[in-house]
Amino acid sequence: MEQGTGPAAGRGTKPGATSAPERPEVPSSFSSCPYCQSRDVVKRGRRKTKYEVRQLFLCTHCGKTFTPQKVKGHSFPLKVILDGLSFYNTGLTLEESCALLKERFGLVVAPSTLADWVKEFAPLCRYARMREFGLKLFSPSQAIQSVRLYHRQVFDFRYHRAKLALILQDFRHKDFEPLREFLDAVAVECPHQWFTEGPRASEAKPTFDLAQVLIREKSNFANRLADLVLQAVPDNKLRHETLQRFMLANDSVTVACEVPVYLDAMDLEHMREELGFQIPLELTTPAGIGARRPGSTSAPPLTGHVDLVQLRNGAVHLLDYKPRADKERPVAQLTLYALALSRLTGLRLFHMKCAWFDEQRYFEFFPLHVVLKKGRRRVTDDPAQLKWFGPAADVAPPLRAGAGAEIADHMGSGQQ
C-alpha cells in the first residue's frame with residue numbers, strides 16, 4: 001500500500017524518478033453528432049492547433065464537420081485547464097499551480113490565464129467558495145489524503161479532509177461525524193486480505209424485491225461535471241479515475257472516492273433478525289480460494305469499492321459512474337454498498353441515497369426501500385453494533401453508544 005497526499009500524488013510514479021512532460025491527448029470517441037445527434041459519423045482528418053492535434057469527424061447525416069470537444073475558445077488543451085483548476089482549488093497559489101502544469105505538460109501557463117479559467121469555470125467548480133476556509137484547516141499537501149490499495153485491481157482511495165470538515169459544520173450534517181472517523185481509519189485499519197480473494201459486490205446477483213422502490217431519473221450537478229471532464233479523457237479506462245479526481249478537488253459535496261467497504265455473514269444475520277431487512281444473499285467460500293479469516297470457518301466477507309461518496313442535503317450519497325446509465329441497473333450493487341457503509345459507520349440506512357449516472361442521466365433511489373417494505377416492523381440500528389475496520393477476527397469489537405473517547409483507542413495510534 002502506498003500513501004501520499006496533495007495534488008501531485010500521481011499514479012505509477014516511482015519516488016525520485018523523473019519523467020518527460022505529459023502531452024495531452026484528444027479523445028477520439030463521442031456519443032453523437034453535436035448538430036443533429038446522429039451516430040452516422042466517420043473520421044475526416046486532423047486539425048493542428050498551437051498545442052495539440054485534434055481529430056475531426058464528418059457526420060454523413062447532416063454533412064457537418066466537427067470535433068468531439070464541446071469547450072471552445074481555448075488554445076490550451078482541456079486537460080491542462082482541468083488540471084490547473086484542480087491544483088488551484090486544492091489550495092495551491094496561482095504561481096504554484098502554473099509551475100506544476102509546466103512540470104507535467106511542458107507548457108507555460110501565465111498565472112493571469114489560470115485566474116481567468118478559475119473565474120470562467122467557477123459555476124461548475126463550487127469548492128472555490130470554500131477554498132479559503134479549507135486552507136485555514138489544512139495545507140494543500142494535507143487537504144486530500146491518498147492511499148493506493150492493491151485489492152485484486154489497483155484502487156486509489158482519496159479523501160478530502162478539508163471539505164468534509166467544513167461540510168460537517170452544517171447543522172444538517174452534525175450527526176455524520178462517524179463517517180469522518182471511518183474515512184480516517186481506512187488508511188491504517190483496512191483489512192486488505194479480505195479484498196484480495198473474497199467475493200465482490202459488483203459480481204453478486206441478489207434478487208431484491210423492487211416492487212415498492214421508486215427510481216427517479218433527474219438532472220444532477222454530477223452530469224454537468226462528467227460532461228465537462230470526460231471530453232478530455234482519450235482512454236476509456238481512465239474515465240473513472242479522471243472524473244473522481246476532478247469532482248473530489250473541485251465540487252463542494254464529494255468527500256471521498258474508491259471507498260473500500262465490506263459486509264460479512266454476521267452483518268447480514270444482524271440486519272435480517274434485528275432490523276427486519278430482506279436481503280436475499282448468502283455468503284459462501286469460493287471453491288479453491290483460501291480466503292477464510294485466520295482461525296475462522298466462516299465465509300469471507302463481500303467486498304467492494306464505492307466510486308464516489310457525497311455529503312449533501314442531510315444525507316450520505318453513494319454514486320457510481322456508468323458510461324451508459326440508461327442501459328444499466330446497478331440497484332443491487334449500490335444497495336450492498338449502502339448496507340456495508342451503514343454497518344461500518346453506524347449511520348442509519350435511512351440517511352443514505354444511492355445513484356448511478358453518466359453525462360446526461362442521473363438515476364437515484366433510497367436503499368432502505370429496497371430492503372425494508374411498508375408494513376414491516378422497523379427497528380433503529382443499535383449504536384452498540386457500530387463496527388470499524390480492525391484486526392482480522394470473526395467479529396469486529398463493538399463500541400458502546402457514547403464511547404467517543406474509546407474510538408481513537410480502538411483505531412490505534414495511526415489515526416489521522
Quiz prompt | Local net charge near Lys327, Cβ-Cβ under 12 Å (Lys/Arg +1, Asp/Glu -1) | solution = +1
Quiz item: At what distance in nm do the modelled label points of Glu132 and Arg224 sit from each other, each positioned 7 Å from its Cα along Cα→Cβ?
Solution: 2.2
Exercise. Pop out the ³J(HN,Hα) list for the stretch 146-156 in order, Karplus 6.51 cos²θ - 1.76 cosθ + 1.60 with θ = phi - 60°, rounded to Hz; leave Gly and Pro as x.
Key: 10, 9, 8, 10, 9, 10, 6, 9, 8, 10, 9
Self-check item: Gyration tensor (alpha-carbon) shape descriptor, the stretch 104-152, a/c threshold 1.5
Solution: oblate
Quiz item: Could you give me the ³J(HN,Hα) list for the stretch 265-279, computed from phi with Karplus coefficients 6.51, -1.76, 1.60 and θ = phi - 60°, whole Hz, x at Gly and Pro?
Solution: 5, 5, 4, 4, 4, 4, 5, 6, 7, 8, 9, x, 6, 9, 10
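Under the Kirkwood approximation for Rh and a Cα-based Rg, what ratio Rg/Rh is obtained for the stretch 139-188? Kindly include the intermediate steps, with their values, before the conclusion.
Values: Rg = 12.5 Å, Rh = 12.0 Å.
That ratio is 1.04, to two decimals.
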Quiz prompt | Label-reachable residues, the stretch 187-224, where backbone N falls under 18 Å from a point 7 Å from Lys373's Cα toward its Cβ | solution = 206-215
Quiz item: For Asp235, Asp156, Asp267, what's the fewest-to-most ordering of other Cβ within 10 Å of each Cβ?
Solution: Asp235, Asp156, Asp267
Exercise. Starting with the highest mean, order 363-372, 169-178 by the number of other Cβ atoms within 10 Å, averaged over the residues of each peptide.
Key: 363-372, 169-178
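Rule-based calculations on the coordinates, nothing more; no lab input. Quick caveat, the model's predicted, so the values are computed rather than measured. Neighbour counts run over all protein chains shown; Cβ positions are idealised from the backbone, glycine included.
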